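Read through the structure below, which is laid out as structure tokens, and then see the notes.
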Amino acid sequence: MKLIAKLAFVLLLVGYSASGQIILGLRAGYGLSSTSQEIVKGMGRSIGSSPMMGAIIHYNMDIRFSAGLELNYYKLSETLDYEASFSPLIGNQQDILTKTEISYLQIPITGRVSIGEKKYRGFLCLGPYIGIGTSGSWNTAPRASETIINGNPIPKNVVFDPDKGGFGLDSKKMRRLDIGGVFGGGIEYKLGLTGLLFAEARVQLGFFDIYNLSSFEERAFKSNSAYQLPSASWRAVNFSVGYLKTFKLPKLSLNKGVKKAGKQKS
């Protein structure tokens, strides 16, 4: 939160110094997500979905370009389907479904370019983001009855502990921090002189591997010929609508200060 406050303060200073415009807004929408983990024989994937919401603060460089940051909150998830024949080396004789989901507080730093002059205009946005996991879980469930591996039931819910920086699962440790990039575009509609309604589609590509495996866990994965070492970063698409309001900042004039100083000297 300190980082967000500092960036917002810098934007305000830039706006005042240049006699520019600050844009504030809100968005809400829905997103689809999965990871880049490779799907091999005996595996299947179901894409996750969840609502999202966010706040926007941008500085208007000119009538076509603005830059700033956002604060978005949403959940990324996916479900993997493991067939009974997938892991014969560990004695699994049932089909298993595992669902991973993490809620993120995401801070994109984006540039926004508007295209067109009429009431309806197009726009593009691009920039990096930082995502911080706030909560989550890794749920395992059989298709039929309770799943048993080597005589032990698989835990059906493991809660994310942000203080420890990950899930702490035996073979599914995950990172809390996510860094990546976003790219999107959409349409906007002018409301009066200072308002904008917009609809946007956005693609998100994570750069960090969400798995955080020890060397022992890596060897364990490689020892199972039916499976390759997992490597996965988040992939997501979201669709949102929102409202932007432009605020004209007062101009700081240096001439008044110079004239006042001159009068005092005389």
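The values are calculated or read from the model by the stated rules, or taken from the named source; none is laboratory data. As the structure is a computational prediction, the values presented were derived from the model and not from experiment. Here the Cβ positions follow ideal geometry from the backbone for every residue, glycine too, while neighbour counts run over all protein chains shown.
Could you tell me which residue of the stretch 218-249 is modelled with the highest pLDDT, considering only residues that are aliphatic (A, V, I, L, M) and part of a loop (DSSP other than H, G, I, E, B)? Step by step, filter the stretch 218-249, then rank; the result is Ala232. Of all the residues in the stretch 190-216, those that are within 23 Å of Val241 (Cβ to Cβ) and either modelled with pLDDT under 95 or not aromatic (Phe, Trp, Tyr) (or both) number 15.
Looking at the structure I just gave you, is Tyr120 within 13 Å of the chain's Cα centre (by Cα) and at pLDDT below 95? Answer is no for this residue.
Here is a yes/no grid of residues against (1) modelled with pLDDT of 80 or more; (2) more than 16 Å from Gly131 (Cα to Cα); (3) of a type in the set (Val, Ile, Thr); (4) in a strand (DSSP E or B):
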residue	(1), (2), (3), (4)
Lys6	no, yes, no, no
His58	yes, yes, no, yes
Pro108	yes, no, no, yes
Arg112	yes, yes, no, yes
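Scanning the stretch 60-84 for residues that are assigned to a strand (DSSP E or B), over 12 Å from the mean Cα position of the chain (by Cα) and among the aliphatic types (A, V, I, L, M) yields Ala67, Leu69, Leu80. Please verify whether the stretch 26-47 includes one or more residues that are in a loop (DSSP other than H, G, I, E, B) and either at pLDDT below 75 or closer than 28 Å to Thr194 by Cβ (or both). No, the stretch 26-47 contains no residue that is in a loop (DSSP other than H, G, I, E, B) and either at pLDDT below 75 or closer than 28 Å to Thr194 by Cβ (or both).
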